[in-house]
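Input: a single structure, listed below in structure tokens.
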Amino acid sequence: VLWDIHRSRCGFHPALQRLRCQSLSGAGAPRWNDCDTPEEFNFASDVLDYWTQMEKEGKRGPNPALWWVNNQGDEVKWSFREMTDLTRRAANVFTQTCGLQEGDHLALILPRVPEWWLVIMACIRTGIVFMPGTTQMKAKDILYRLQVSKAKGIVTTDTLAPEVDSVASECPALKTKLLVSDHSRKGWLDFRSLIQSESPVHTCIKSKTLDPMAIFFTSGTTGFPKMAKHSHGLALRSFFPSCRKLLQLKTSDVLWCLSDTGWVLAVLGSLLEPWTAGSTVFVHHLPQFDPKVIVQTLFKYPITQCFAAPSVFRMILQQNSTSLRFPTLEHCCTGGEALLPEEQELWRRQTGILLYQAYGQSETGISCGTLRGMKIKPGSMGKAIPPYDIQIIDDKGNILPPNTEGNIGIRIKPTRPIGVFMRYESNPVKTAEVECGDFYNSGDRATIDAEGYFWFLGRADDVINASGYRIGPAEVENALAEHPAVAESAVVSSPDPIRGEVVKAFIVLTPKFLSHDRDQLTKELQQHVKSVTAPYKYPRKVEFVSELPKTITGKIKRSELRKKEFGQM
Ligand code: BCO
């Protein structure tokens, strides 16, 4: 009966009816049940256009949907209405001008420019699968992504366009290159002017909740990054009441998430979470990370919530600013790497605001957290956020008792919860490897206490988490191997007071370089890595050794080197 009442009142499918009717009836921000799986869901038509309608009806305040600023004093403020208009135009650019179709893969490599939001929403409107990537990538990183994903299109800036052009001939699937720039470039379509000329009339696809929406590249111990493919369920999860409790955003909130546009955290914190609640997304262009600019920005603009990796908060605390009492800031949340209890306490003392921890992965979105207002246990990353059932498991998928070290596992059987990635695209072997009994095995080690709080311990494998970046040692070792001074290398994680962990390379030199100045060589090798792959991966520590520890079969024992770094041997 409810079904029919909802349908007659709202004209949408049941779950959306609930969402819309409750909102329209003044029950506050949109709501949904943790276990709802509507057959169809599309964030563009069901959320963005919903808030546009609210604006038209005068039911949402004057705050913009997107508020973008830069260091030159430029500002862009777009309402939801403008977002709907612009993203419909962008959708037409993709389908009409470029001939891209539902299910096609599109590489999105943009810095924090407003077009990043347009591209994502246009992809969601059209069913094109977007693949965000960091602008730190070099030609080889881009080549790999384009080839492995068979991307049909790419959107980037004039800084990276030459890198793309240098590899495009090796990417037969790549048909469309879109440039976000005020200048034109041969062989590239001008995204900005196309948007102006395209029609704002577009019919959004009717996506199934479990249809693909996005791909995030994520590093592992071996090989190249894997493609974690997500359905529209990743966006739907932001609606679930338990997830809404993490930040408790309101339409009047202004949320600034500082994550680089290449990571899942940016999609969640700079788009899905705030727009689900009808809040304002605040963005600073911030081409180079500068904690001074962050502090100034938090003083200058009416930002109410801030989400960033722990390293960002650490670097702000290091500033020796006279005051960190930000006038409008009410809530801070952090995730992406481990946070120490002392750091949480220092932030509270300096700012007067608590720093809440969350935990997640490219594969899962935010899966655990200390929800706003929940008791903080310093150093803990909070509790599982339903519908995720998170347990500490052994290597066979058996649930371990409280206070026992094991792997963080998310139950995926008998039902795979909304929000957990679909698969590693084109990689059934790796997809199967992370299935462990009834659980997805995150590869992160932790304990759970009797109250259900999780305590992060580290990685089960050799993956490095440096200032929130997940780095595969093989990616750095491969880059080092291209330099003539390197006979062989082993790359591991090493502790760092600011970045939590940094990349450390143990290097055996080729005979020709043995007599070279070591400091000079260190700088040269660091520069070399920065030039051949995304610079965030470069080894901030280098140690030259005569040999590497190996097993009898000749495999490098990275774990031995890592344990030494952390004083565990
Ligand atoms: O420190 P250096 O100066 O020696 O080198 C830095 C940069 O200067 C340099 N660089 C950057 N862009 C470059 C470049 N060099 C040449 N060409 C370019 N285009 O390379 C190094 C980059 O390292 P970085 O980015 O780690 O350092 P930076 O700039 O100090 O930034 C610090 C952080 C904390 C802002 C940055 O590390 C960061 O953003 N971390 C957070 C990452 C994040 O958001 N993680 C979340 C992932 S999603 C997730 O975990 C799931 C949660 C639900």
Next on the checklist: Can you tell me what share of the DSSP beta bridges in region 439-569 is antiparallel? A percent to the nearest 5 is fine.
Outcome noted: 85
Item to check | Surface accessible to a 1.4 Å probe, V113 within the full protein complex, Å² | outcome: 20
Checklist entry - Using unit Cβ charges (K, R positive; D, E negative) and no other charged atoms, how large, in debye to the nearest 20, is the dipole of the chain about its Cα centre? => result 540
Next on the checklist: Among S238, C98, T134, which residue has its Cα furthest toward the positive end of the charge dipole of region 91-241, with +1 on Lys/Arg Cβ and -1 on Asp/Glu Cβ?
Outcome noted: S238
Checklist entry - Ranked from the most accessible area to the least, with a 1.4 Å probe and all protein chains present, what is the order of L480, L174? => result L174, L480
Checklist entry - In terms of modelled amide H atoms, which long-range or inter-chain residues lie less than 5 Å from the amide H of T157? => result V180
Next on the checklist: With +1 assigned to the C-beta of every Lys and Arg and -1 to the C-beta of every Asp and Glu, and no other charges, what is the dipole magnitude of region 165-292 about the Cα centre in debye, to the nearest 20?
Outcome noted: 380
Checklist entry - When DSSP beta bridges are limited to those with both residues in region 202-337, what percentage is antiparallel, rounded to the nearest 5? => result 40
Next on the checklist: How far apart, in nanometres, would the label points at S321 and Q350 be if each is projected 7 angstrom from Cα along the Cα-to-Cβ direction?
Outcome noted: 0.9
Checklist outcome for this item: In order over region 191-198: 3J(HN,Hα) from phi, Karplus 6.51/-1.76/1.60, θ = phi - 60°, whole Hz, x for each Gly or Pro, gives 4, 4, 6, 5, 4, 4, 8, 6
Item to check | Percent of beta bridges antiparallel (DSSP, the chain, rounded to nearest 5) | outcome: 60
Next on the checklist: Exceeding 31 Å between C-alpha atoms, which entries from my cross-link table qualify? They are K175/K206; K377/K555; K59/K208; K229/K377.
Outcome noted: K377/K555; K229/K377
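Out of region 420-457, which GluC sites (Glu not before Pro) are coil in DSSP terms and have no more than 16 other C-beta atoms within 10 Å?
Qualifying residues, ordered by number: E451.
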Next on the checklist: From zero outward in steps of 10 Å, how is the percent of C-alpha pairs of region 349-426 spread across the bins?
Outcome noted: 17, 42, 30, 10, 2
Item to check | the chain - Rg (one decimal) and Dmax (whole number), Cα, Å | outcome: 23.5, 83
Checklist entry - Once the piece of chain linking E560 and E433 is laid out straight, how much longer is it, given 0.36 nm per residue of separation minus the C-alpha distance between them? => result 43.4 nm
Item to check | Relative contact order [Cα under 8 Å, 6+ residues apart], the chain, whole percent | outcome: 12
Checklist entry - So if R0 is 35 Å, what FRET efficiency would E39 and K59 give, r being the distance between their Cβ atoms, rounded to the nearest 0.05? => result 0.80
Checklist outcome for this item: Across all Cα atoms of region 142-242, Rg and the largest Cα-Cα distance (Dmax), in Å, are 16.8, 49
Checklist entry - Expressed as a rounded percentage, what relative contact order does region 162-262 have, with Cα pairs under 8 Å and six or more residues apart? => result 13
Next on the checklist: Let me cross-check K229: its accessible surface, 1.4 Å probe, with only protein heavy atoms counted, in Å² to the nearest 10?
Outcome noted: 10
Checklist outcome for this item: Here the alpha-carbon Rg of region 423-486 over 2.2 N^0.38 Å rounds to 1.51
Checklist entry - In nanometres, what is the gap between the two model label sites at T404 and T203, each 7 Å from Cα along Cα-to-Cβ? => result 5.7
Item to check | the chain - accessible surface per residue (Å², probe 1.4 Å) | outcome: 40
Item to check | Three-way shape call for region 212-345 based on the alpha-carbon gyration tensor, with the a/c threshold at 1.5 | outcome: oblate
Next on the checklist: Quick check: Cα centre of region 386-433 to Cα centre of region 117-147, how many Å?
Outcome noted: 27
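Determine the gain in length on full extension of the stretch D290-Q101; use 0.36 nm per residue of separation and subtract their C-alpha separation, reporting nm with one decimal.
That works out to 64.1 nm of additional length.
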Item to check | Net charge, I205 excluded, C-beta distance under 15 Å - Lys, Arg +1, Asp, Glu -1 | outcome: -3
Checklist outcome for this item: With a 1.4 angstrom probe the carbon and sulfur portion of accessible area for region 314-414, in percent, totals 51
Checklist entry - How high is the relative contact order of region 256-361, in percent, with contacts defined as C-alpha pairs under 8 Å that are six or more residues apart? => result 24
Next on the checklist: Quick check on the chain: helices-only [θ] at 222 nm, where DSSP H runs of length 4 and up contribute -39,500 (n - 2.57) each and the sum goes over total residues. Nearest 500, please.
Outcome noted: -8000 deg cm²/dmol
Item to check | Positive-end extreme of charge dipole, region 85-162 - chosen from L143, L160, L118 (charges on Cβ) | outcome: L143
Next on the checklist: Under a crude label model (7 Å from the Cα following the beta-carbon direction), how far is S546 from T415 in nanometres?
Outcome noted: 6.2
Checklist entry - Could you sort C35, C98, C333 by accessible area so the largest value comes first, with the probe set to 1.4 Å? => result C35, C98, C333
Item to check | Cα-based equivalent ellipsoid of region 32-137: semi-axis lengths in Å, sorted from largest, via gyration tensor | outcome: 22, 22, 14
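The values are calculated or read from the model by the stated rules, or taken from the named source; none is laboratory data. Bear in mind the structure is a predicted one, so any value in this text is a computation, not a measurement. With ideal geometry, Cβ positions are generated from the backbone for all residues, glycine too; neighbour counts draw on all protein chains shown. The accessibility values were calculated without ligands, DNA or RNA, using every heavy atom of the protein model including side chains. Shrake-Rupley method; radii C 1.70, N 1.55, O 1.52, S 1.80 Å.
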